[in-house]
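Below is one structure, written out as structure tokens, with a few remarks after it.
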Amino acid sequence: PVPSVLPQQAELGKPRERSCSLPGINFNYGLYIRGLDGGVPEAIGHWNVFKQQPTCPHELTRNYIAMNRGAVKAGLVTARENLHYRQLNDIRISDQDDRRLKKEPPSLPPNMTFGIRARPSTPFFDLLQHRYQQLWVQEQKATQKAIKLEKKQKVILGKLYETRSSQLRKYKPPVGLDALWHMPHFQKAGASEGFCPSTGASQSNGQRAQVVSPDPAGARKGPLSLSNTPHP
């Protein structure tokens with residue numbers, strides 16, 4: 001007979017359950033990783049120390065100073081000859097000499113602390129009490145007092161009298177003011193003729209020039225007194 005599929009009915013007085021049932025107490029959630037080292041009990045019960053791998057022997061540094069000295073003594077000059085000499089005579093520096101040439105690290109005290117020192121705390125009480133202002137005022141007063149004391153102890157000299165050597169040191173010989181030099185052409189004109197130093201002409205010469213060339217003011221017109229006569 002075919003079983004009839006009926007919808008699941010909820011219990012009387014309870015809502016319908018829509019969740020799955022949880023696994024048992026011994027169920028572990030998540031992925032299981034199989035440990036190959038024995039896990040925590042193996043780490044607690046044993047102390048496996050990492051074995052250091054054997055290192056290759058340290059290669060000594062070549063002593064180029066000794067090889068160059070030997071090449072010079074042998075009479076080798078060119079680079080190719082030096083290369084062959086170094087291949088045949090490979091001189092190395094011993095461990096003791098190499099250790100002497102290398103700088104050893106500086107010895108530091110065991111209680112040394114590395115890093116930056118912490119900034120000192122801010123003196124709030126001194127700031128609130130204006131302590132720094134008081135110290136500055138005291139320093140200024142002490143400085144002024146020292147200056148006044150130095151002025152009192154300073155010897156005040158009397159009046160200094162002039163001696164012959166000091167007067168000769170300050171003496172300046174008088175300089176004679178000679179007459180200014182004039183050209184001989186200008187010196188011929190007398191004062192009666194009305195000599196004009198700017199143009200170099202006398203009054204009589206000016207009058208004769210006006211008679212020969214009359215004033216052209218009548219031919220000039222306009223605010224700028226420009227001539228309207230045609231130019232040739």
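The values are calculated or read from the model by the stated rules, or taken from the named source; none is laboratory data. What you see is a predicted model, and the numbers here were worked out from it, not measured in a lab. Cβ placement follows ideal geometry from the backbone for every residue including glycine, while neighbour counts extend to all protein chains displayed.
Filter the stretch 162-186 for residues that are exposed (fewer than 10 other Cβ atoms within 10 Å of the Cβ) and outside any loop (DSSP other than H, G, I, E, B); which is modelled with the lowest pLDDT?
Taking the stretch 162-186 as the starting set, the residues that turn out to be exposed (fewer than 10 other Cβ atoms within 10 Å of the Cβ) are 162-165, 167-185.
With outside any loop (DSSP other than H, G, I, E, B) added as a condition, the list becomes 164-165, 167-170, 184-185.
Numbers: Arg164: 89, Ser165: 90, Gln167: 89, Leu168: 91, Arg169: 90, Lys170: 89, Pro184: 77, His185: 74.
The qualifying residue modelled with the lowest pLDDT is His185.
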Legend entry - Any hit, the stretch 63-71, residues being modelled with pLDDT of 70 or more, closer than 18 Å to Asp90 by Cα and part of a loop (DSSP other than H, G, I, E, B): yes
